[in-house]
Amino acid sequence: MTPTATERRNRTVVLLTGGTSGIGRAAARQLAARNVTVLITGRRRAKGEAALSEIQDAHPSGEGAFYRTDFAEQSDVRRLARDVQADFDRLDVLLNNAGTGQGERTLTNDGLELTFVVNFVAPFLLTNLLVPRLRESTPARVLSTVTVAQHDKAYDMREGDLSNLDAVATGESFELEQAYVNSKLALLLFTYELADRLAGTGVTAASVNPGLIGTTDITRNAPLGGTKVSHWIAALLARIAPLGPIETEATAGEMLVHHAMDQELPDGEAVYFDRWEQADPEPRATNQTLRDRLWTFTADLTGLTETGAMGKA
Ligand SMILES: NC(=O)c1ccc[n+]([C@@H]2O[C@H](COP(=O)([O-])OP(=O)(O)OC[C@H]3O[C@@H](n4cnc5c(N)ncnc54)[C@H](OP(=O)(O)O)[C@@H]3O)[C@@H](O)[C@H]2O)c1
């Protein structure tokens, strides 16, 4: 059934980046089943159209849109922000979920390391550009998909290190896992700073570690070895008997939808969810000096310093 104009106006609108595969694709279907208008992004039109048709199947009047966007290109991110604001006069949730892991150092046209750009610089830019529309749609929120933010033996991941931002941004001494955790630590720090800067506006911010999901494409560019093997093992275990932090795409998608829609979030203070539960990340993830440095550094990288990255209140 085609929704009426009033029904359309009253519908919640969620922009879910990386809705074409893995956790994002599962979350998109579940959002549609809740009668939410789901806007998804990805790099390939055919994959996007396939995910869109799942959205339409998930609800009789399921509505969605696909925006072809490559997060390696800042111009694509800017176009996405412009198009979404032109097409929809409200935005209730921005779900920064698109992510990548690169097997080798790959540079974008701007000379920056691709993992850092896709996982952190692009969501930083997109969020800043969409804040005006989020502020018009309150209560609104920004939820970002990160990785484990406490030391946890079950993941056996190394620690993020943002002590030299120039080296991280250009991928000096590149190593897959280090680049990945650095980019996710940056996204986590950004979430804390964002919540702080948006205090009192009705827009809140949170991040979620979805656990270990072995069936997604996130390791597609990883060499055969530790990361890939641990993903395969997680996929196998998820089928036999889910253990520890292991989730399926469907349960991780549910988790994203739950944190995006179901409970209230505190004003001015970011929340970190370790899978379903609120948790305290390691102290470095909230460090104020690092937050300030990272914000200034990234506003500069994205040219937002001149054109209005949110200043401190
Ligand atoms: N799987 C896990 O165990 C795990 C654990 C912790 C956190 N996460 C995070 O969860 C999120 C979803 O990952 P997933 O496991 O579901 O992986 P996935 O199946 O590889 O999905 C990644 C999504 O990101 C999009 N993407 C990748 N590179 C992009 C680029 N350059 N520009 C625009 N979009 C891009 C992909 O779209 P296209 O390929 O269609 O362009 C896809 O929709 C990621 O942020 C990941 O880091 C995953």
Practice problem: Output the relative contact order of the chain, whole-number percent, from Cα pairs under 8 angstrom with separation of 6+ residues. | Solution: 19
Quiz prompt | With every protein chain in place, the chain: carbon and sulfur % of accessible area (1.4 Å) | solution = 49
Quiz prompt | Cα→Cβ-extended label distance, 7 Å offset, between E104 and D300, nm | solution = 3.1
Practice problem: Considering the options S163, S137, Q263, tell which one lies farthest towards the positive end of the dipole of the chain, charges being +1 on Lys and Arg and -1 on Asp and Glu at the Cβ, about the Cα centre. | Solution: S137
Quiz item: Counting pairs of alpha carbon atoms under 8 Å apart in space and at least six apart in sequence, what relative contact order in percent does the stretch 81-219 give?
Solution: 34
Quiz item: Distance in nm between label sites at A46 and Q263, each 7 Å beyond Cα in the beta-carbon direction?
Solution: 4.2
Exercise. Over the chain, average the accessible area per residue using a 1.4 Å probe and give it in Å², no decimals.
Key: 44
Quiz item: Heavy-atom accessible area of T215 with all protein chains present, probe 1.4 Å, nearest 10 Å²?
Solution: 60
Quiz item: HN-Hα J couplings of the stretch 83-91 from phi, Karplus 6.51/-1.76/1.60, θ = phi - 60°, integer Hz, Gly and Pro as x?
Solution: 5, 4, 6, 6, 8, 10, 8, 9, 8
Quiz item: When the Karplus curve 6.51 cos²θ - 1.76 cosθ + 1.60 is applied with θ = phi - 60°, which whole-Hz ³J(HN,Hα) does each residue of the stretch 288-300 get, with x for Gly and Pro?
Solution: 5, 4, 5, 4, 5, 4, 5, 5, 4, 4, 7, 4, 5
Practice problem: Give me the percent of DSSP beta bridges within the stretch 15-152 that run antiparallel, rounded to the nearest 5. | Solution: 5
Quiz item: Cα-based Rg (one decimal) and Dmax (whole number) for the stretch 5-303, in Å?
Solution: 17.8, 54
Practice problem: Mind grabbing the accessible area of V168 for me, 1.4 Å probe, Å², rounded to tens? | Solution: 20
Quiz item: Antiparallel as a % of all DSSP beta bridges within the stretch 5-303, to the nearest 5?
Solution: 15
Quiz item: Based on Cβ point charges of +1 for Lys and Arg and -1 for Asp and Glu, what charge dipole magnitude is obtained for the chain about its Cα centre, in debye rounded to the nearest 20?
Solution: 740
Exercise. Rounded to the nearest 0.05, what FRET efficiency do A199 and A167 give with R0 = 22 Å and r taken as the Cβ-Cβ distance? Could you check?
Key: 0.10
Quiz item: At a probe radius of 1.4 Å, what is the per-residue accessible area of S163, in Å² to the nearest 10?
Solution: 80
Quiz item: What ranking, highest mean first, results for peptides 200-206, 95-101, 120-126, 255-261 when packing means the other Cβ atoms within 10 Å averaged over each residue?
Solution: 120-126, 95-101, 255-261, 200-206
Self-check item: Net charge, F174 excluded, C-beta distance under 11 Å - Lys, Arg +1, Asp, Glu -1
Solution: -4
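The values are calculated or read from the model by the stated rules, or taken from the named source; none is laboratory data. The model shown is predicted, which means the values in this text are computed figures rather than measured ones. Note that we place each Cβ from the backbone using ideal geometry, even for glycine, and neighbour counts take in every protein chain shown. Quick note on the areas: whole protein, heavy atoms, side chains included, nothing else; ligands and nucleic acids left out. Shrake-Rupley method; radii C 1.70, N 1.55, O 1.52, S 1.80 Å.
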